[in-house]
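In what follows, a structure is listed as structure tokens, so that the remarks can point back to it.
The values are calculated or read from the model by the stated rules, or taken from the named source; none is laboratory data. What you see is a predicted model; the values in this text were computed from it and never measured. Virtual Cβ from ideal backbone geometry, glycine too; neighbours counted across all protein chains shown.
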Amino acid sequence: MASLQSRASCRWHPPGEGWLKLNFDGASRGNPGQVGIGCVVHNWEGKEVASLASPAGIITNNWAELLALVEGLLLCRKLEVKCLDIKGDSTIIVNALRIGSIPNWKLNSLLSKALDLCKGFDRFIVNHIYREGNKRADELANLGVDGIKLLSLPT
């Protein structure tokens, strides 16, 4: 019961001062099925500075999660982010990024791309977040499943 209460009270928090936070998510209708990806970048004041939603075709849920991460990292590179706090609700993808490999060999080339992109940041951390704390990225991913593509960048 206590774990359900703590999960229900899970909330999004801004990153530390000078850092930006990337939340990423993939949404799937079927596995494999029609998927969408979403990612959002916030600054240390909690302000949304960039977001992305995109359909991604018919792929697996893990591929969608990893693709959302890669697209989010590309977005952060465009923003010239130096210190990045990465959060995702896929334990498989978060752990794969931490250890540098994934049991599904088909995903390793995309994981390699994510790892290479991470090398471009001065500092980065990656942690799992429960779905309840990843709502905005989930919302964007579901827009992608619905066929909506959007990109919001600072002006």
Tell me which of these ILE125 doesn't satisfy, since it passes every other one: (1) in a helix (DSSP H, G or I); (2) within 17 Å of GLY18 (Cα to Cα); (3) β-branched (Val, Ile, Thr). (1)
Note down all Cβ pairs under 8 Å where the first residue falls in segment 132-147 and is more than 16 Å from THR60 (Cα to Cα), the second is surrounded by 16 or more Cβ atoms within 10 Å (Cβ to Cβ) and of a type in the set (Phe, Trp, Tyr), and they're at least six residues apart or on different chains. GLY133/TRP12; ASN134/TRP12; LYS135/TRP12; ARG136/TRP12; ALA137/PHE24
Residue that is farthest from GLU132 (Cα to Cα), among those in segment 80-110 that are out of contact with any strand residue (DSSP E or B) (no Cβ under 6 Å at 6 or more places or on another chain) and hydrophobic (A, V, I, L, M, F, W, C): TRP105
Given the condition assigned to a helix (DSSP H, G or I), at pLDDT 95 or above and either among the acidic types (Asp, Glu) or surrounded by fewer than 16 Cβ atoms within 10 Å (Cβ to Cβ) (or both), answer yes or no: does some residue in segment 141-151 qualify? no
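Does segment 66-99 hold any residues that are farther than 18 Å from GLY18 by Cα, part of a helix (DSSP H, G or I) and not β-branched (Val, Ile, Thr), and which are they? If you could, list the steps in order and put the result at the bottom.
From segment 66-99, those farther than 18 Å from GLY18 by Cα are 66-72, 74, 88-99; that's our starting set.
Add one more test, that the residue is part of a helix (DSSP H, G or I), and what stays is 66-72, 74, 91-99.
Selection gives LEU66, LEU67, ALA68, LEU69, GLU71, GLY72, LEU74, ASN95, ALA96, LEU97, ARG98.
Is segment 46-61 home to any residue that is part of a loop (DSSP other than H, G, I, E, B), over 21 Å from SER152 (Cα atoms) and either among the basic types (Lys, Arg) or in contact (Cβ under 8 Å) with a residue 24 or more places away in the chain (or both)?
Applying the first criterion (part of a loop (DSSP other than H, G, I, E, B)) to segment 46-61 yields 46-47, 60.
Going one step further and asking which of them are over 21 Å from SER152 (Cα atoms), we end up with 60.
Then keep just the ones that are either among the basic types (Lys, Arg) or in contact (Cβ under 8 Å) with a residue 24 or more places away in the chain (or both); that gives 60.
For segment 46-61, residues part of a loop (DSSP other than H, G, I, E, B), over 21 Å from SER152 (Cα atoms) and either among the basic types (Lys, Arg) or in contact (Cβ under 8 Å) with a residue 24 or more places away in the chain (or both): present.
When only residues in segment 111-127 that are of a type outside the set (A, V, I, L, M) and touching a strand residue (DSSP E or B) at 6+ places or on another chain (Cβ under 7 Å) count, which is surrounded by the fewest Cβ atoms within 10 Å (Cβ to Cβ)? I'd like the intermediate steps shown before the answer.
Filtering segment 111-127 down to residues of a type outside the set (A, V, I, L, M) leaves 112-113, 116, 118-124, 127.
From what is left, the residues that are touching a strand residue (DSSP E or B) at 6+ places or on another chain (Cβ under 7 Å) are 118, 121-124, 127.
Working: CYS118: 17, PHE121: 18, ASP122: 8, ARG123: 10, PHE124: 20, ASN127: 10.
Here the answer is ASP122.
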